[in-house]
Amino acid sequence: MSGEAKLSAPALTQPAPGEGPPAHVAIIMDGNGRWAAKRGLPRFEGHRRGVEAIRRAVRTANELGIRYLTVYSFSSENWRRPAQEVSDLMGLLKRFVRHDLADLHAANVRVRIIGERTSLAPDIRVLLDEAEGLTKANTGLNLVIAFNYGGRQEIVRAMRALAEKVRAGTLDPATIDLDTVEAELDTTGIPDPDLVIRTSGEQRVSNFLTWQTAYSEFVFLPDFWPDFDDRTFRSAIEEYARRDRRFGGLSARVV
Ligand code: IPE
Ligand code: IPE
Ligand code: MG
């Protein structure tokens, strides 16, 4: 297929309403701070309880037969928070990898990290590499951790990589199509999210998976992330199952 044909008719996953669970669920885990504030606790306590909610979400995703679970753990913009909170969040990621990696590996989970890695502290980079390396041959749930991730920043990095190839003479700009761009994204090889869940009642994207969510369904839940459990997860999946995905075409449902 030529580049131009791909631009005008993107290859999208075929909608399969009611046919099993979404293959890829991506979660904007929001509301840790408000969960804590409501209880008179420090924000850190909300983040700590948020990690437990991630463990529950991984279990439920496994049970539901979801293939990919992406969790938004730290955004490119979260550096704007007070230094102490940033440091707490870095600490929690380290603790999560150190404490949970063996269990995830034993459960056949494959871990992938998306986001900008070069500017992270060396000890964090080592841990992230270790998590990916250890689990790379696993065939169960794919757990994608978006850390120091921003959708726009990811697209800029991809554009830069393409520009370098053009400069090196290995890429003809006329052949750039959707696949060429996708191959440079952090998520290369991962199907686009079918469903994006955001907790805490906020209804915005906050720079999450900008390219990949072009045709995702969104479910916004009022619950704060530390309260997210099996029941809320399943309710979001049920809501998703009622959606009629058309991808710009016509309904595949009999109406
Ligand atoms: C989500 O909870 C966790 C991160 C963004 C790292 P918040 O920390 O954003 O909690 P709220 O939105 O302030 O309640
Ligand atoms: C989005 O939540 C980022 C993560 C969940 C990691 P934020 O709390 O940072 O988003 P805004 O600032 O409310 O848009
Ligand atoms: Mg928030």
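The values are calculated or read from the model by the stated rules, or taken from the named source; none is laboratory data. All figures in this text were calculated on a predicted structure; none of them were measured in a lab. Virtual Cβ from ideal backbone geometry, glycine too; neighbours counted across all protein chains shown.
A few comments on the model shown:
- Hey, Asp223 in contact (Cβ under 8 Å) with a residue 60 or more places away in the chain, under 23 Å from Ser76 (Cα atoms) and not small (Gly, Ala, Ser) or not: no
- Subset of segment 186-204 that is under 20 Å from Ala23 (Cα atoms) and free of Cβ contacts under 8 Å to residues at least 12 places away in the same chain - its residue that is surrounded by the fewest Cβ atoms within 10 Å (Cβ to Cβ): Gly189
Let's see how each residue does on (1) polar (S, T, N, Q); (2) modelled with pLDDT under 95:
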position: Gly3; (1), (2): no, yes
position: Ser8; (1), (2): yes, yes
position: Pro15; (1), (2): no, yes
position: Arg43; (1), (2): no, no
position: Ala61; (1), (2): no, no
position: Ile66; (1), (2): no, no
position: Phe74; (1), (2): no, no
position: Val97; (1), (2): no, no
position: Asp100; (1), (2): no, no
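- Across segment 22-74, the qualifying residues are those that are hydroxyl-bearing (Ser, Thr, Tyr) and in contact with a Phe, Trp or Tyr (Cβ under 6 Å, 6 or more places away or on another chain), and the one among them that is farthest from ligand 1 (Cβ to nearest atom) is Thr60.
- Hey, Gly151 within 13 Å of ligand 2 (Cβ to nearest atom) and either touching a residue at least 60 places away in the same chain (Cβ under 8 Å) or small (Gly, Ala, Ser) (or both) or not: yes
- Residue in segment 90-106 that is surrounded by 14 or more Cβ atoms within 10 Å (Cβ to Cβ), touching a residue at least 40 places away in the same chain (Cβ under 8 Å) and within 21 Å of Phe208 (Cα to Cα) present: yes
- From the options Ser87, Ser73, residue that is surrounded by fewer than 16 Cβ atoms within 10 Å (Cβ to Cβ), among the hydroxyl-bearing types (Ser, Thr, Tyr) and either under 17 Å from the mean Cα position of the chain (by Cα) or in a helix (DSSP H, G or I) (or both): Ser87
- Any chance Asn62 is part of a helix (DSSP H, G or I), in contact with a Leu (Cβ under 8 Å, 6 or more places away or on another chain) and within 16 Å of ligand 3 (Cβ to nearest atom): no
- One residue from Ala174, Ala146, Ala183 being surrounded by fewer than 17 Cβ atoms within 10 Å (Cβ to Cβ) and within 22 Å of Phe208 (Cα to Cα): Ala183
- Scanning segment 208-226 for residues that are buried (at least 16 other Cβ atoms within 10 Å of the Cβ) and closer than 23 Å to Phe44 by Cα, we see that the one that is nearest to the chain's Cα centre (by Cα) is Phe208.
- Counted residues, segment 17-56 - those being in a loop (DSSP other than H, G, I, E, B), charged (D, E, K, R) and away from ligand 3 (no atom under 14 Å from the Cβ): 2
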